[in-house]
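Undergrad: Here's a structure for you.
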Amino acid sequence: RVSRHTYEEPCISGTRGSGTVFFCGCSLACVFCQNKDISRSRNNGELLSDSELYARILALLESGVHNLNLVTPTHFVHRLAPLLERLKASGDLRVPVVYNTSGYERVETLRRLDGLVDIYLPDFKYFSSELSARYSSAPDYKDVATAALAEMLSQRGRYRYSEDGELLESGVVVRHLVLPSHRKDSIRVLGHIAATFGTDDLLLSLMSQYTPNGKLENYPEINRRVRKKEYERLVDFVSELGAENVYIQEGS
């Protein structure tokens, strides 16, 4: 899918939407994924050549979107990096590039993107290796995501907004999806981020929209929505950490 998207964080979607390019496949295999049809298969999408994708991106940019948002692009970086270089050299890319990722990234991959990505939008899903192994087959998730986040912050530094303070122009926004029954792990994730990186240079996005995908019979502990009190406790914890740059989902 290559289209305008209006449901990212307000500093990404703005008033005209984010120009999203959704790629098939994912570097993780989360059992609770709501987009399994595209995240687990590369055969359910549309096959595009480099030149075809370039043309689609140009049309998307010309529609007036606020940024170019590459969603789960990790396994295509070797093709995307030259495309981004071409876009920047042409002068056609006059908006920030967003790299929208699970956070499960090799540092070497991210270094290939240095100077090409303006905004990193990674998840930080788990602290516990047991949980990351159980739900995403990635027992090393915390260590990999920590190293990746360090590289992202090294490249981009402190976040920067547009002059009107509405849109993010550069920086790192770390997303954490709250899972049911695992409030303690969420607290450990948020505490780990604050202790390792501080809360001044990055933005946090605490997400409560977890929705069971109907295929979680073997995972009864997460086969429900997140309760309001679970989410509210995490909002309180973020406040206790002293983090002020946090996106909270309304109505949660």
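Undergrad: Within the group Asp50, Asp118, Asp92, which residue is among the acidic types (Asp, Glu), in contact with a strand residue (DSSP E or B) (Cβ under 6 Å, 6 or more places away or on another chain) and open to solvent by 30 Å² or more (accessible area, probe 1.4 Å)?
TA: After applying the criteria, what remains is Asp118.
Undergrad: Within the range 11-32, can you find the residues that are over 14 Å from the mean Cα position of the chain (by Cα) and open to solvent by 10 Å² or more (accessible area, probe 1.4 Å)? Show your work before the answer.
TA: Pass one, the range 11-32, residues over 14 Å from the mean Cα position of the chain (by Cα): 14-17, 19, 24-25, 29-32.
Passing the criteria: Gly14, Thr15, Arg16, Cys24, Ala29, Cys30, Val31, Phe32.
Undergrad: Among the residues of the range 135-147, count how many are within 18 Å of Phe32 (Cβ to Cβ) and either open to solvent by less than 40 Å² (accessible area, probe 1.4 Å) or without any contact (Cβ under 8 Å) to a residue 24 or more places away in the chain (or both).
TA: The total comes to 6.
Undergrad: Only one of (1) open to solvent by 30 Å² or more (accessible area, probe 1.4 Å); (2) outside any loop (DSSP other than H, G, I, E, B); (3) farther than 21 Å from Phe76 by Cβ; (4) not basic (Lys, Arg) fails for Val174. Which number is that?
TA: Unmet condition: (1).
Undergrad: Pairs under 9 Å by beta carbon, first residue assigned to a strand (DSSP E or B) and at pLDDT 85 or above in the range 16-41, partner open to solvent by less than 30 Å² (accessible area, probe 1.4 Å) and among the hydroxyl-bearing types (Ser, Thr, Tyr), six or more apart or different chains?
TA: Final answer for the pair search is Gly19/Ser3; Thr20/Ser3; Val21/Ser3; Phe22/Ser3.
Undergrad: Any chance the range 177-187 includes a residue that's out of contact with any His (no Cβ under 7 Å at 6 or more places or on another chain), assigned to a strand (DSSP E or B) and either modelled with pLDDT under 95 or crowded, with 16+ Cβ neighbours inside 10 Å (or both)?
TA: yes
Undergrad: Going by what's in this entry, would Arg224 be described as at pLDDT 95 or above, among the charged types (D, E, K, R), open to solvent by 20 Å² or more (accessible area, probe 1.4 Å) and within 17 Å of Cys11 (Cβ to Cβ)? So that I can check it myself, show each step before the final result.
TA: Working: at pLDDT 95 or above: yes; among the charged types (D, E, K, R): yes; open to solvent by 20 Å² or more (accessible area, probe 1.4 Å): yes; within 17 Å of Cys11 (Cβ to Cβ): no.
It is false that Arg224 is at pLDDT 95 or above, among the charged types (D, E, K, R), open to solvent by 20 Å² or more (accessible area, probe 1.4 Å) and within 17 Å of Cys11 (Cβ to Cβ).
Undergrad: List pairs: first residue in the range 57-68 and farther than 19 Å from Leu80 by Cα, second residue in a loop (DSSP other than H, G, I, E, B) and open to solvent by less than 30 Å² (accessible area, probe 1.4 Å) anywhere in the structure, Cβ distance under 8 angstrom, at least six positions apart or on different chains.
TA: Cβ pairs passing all conditions: Val65/Gly17; His66/Gly17; His66/Pro96.
The values are calculated or read from the model by the stated rules, or taken from the named source; none is laboratory data. Predicted model only: the values in this text are computed from it and were never measured. When we count neighbours, we look across all protein chains shown, and the Cβ atoms used for this are built from the backbone with ideal geometry, even at glycine. Each accessible area value is taken on the protein alone, full model and side chains, heavy atoms only, with ligands, DNA and RNA left out. Shrake-Rupley method; radii C 1.70, N 1.55, O 1.52, S 1.80 Å.
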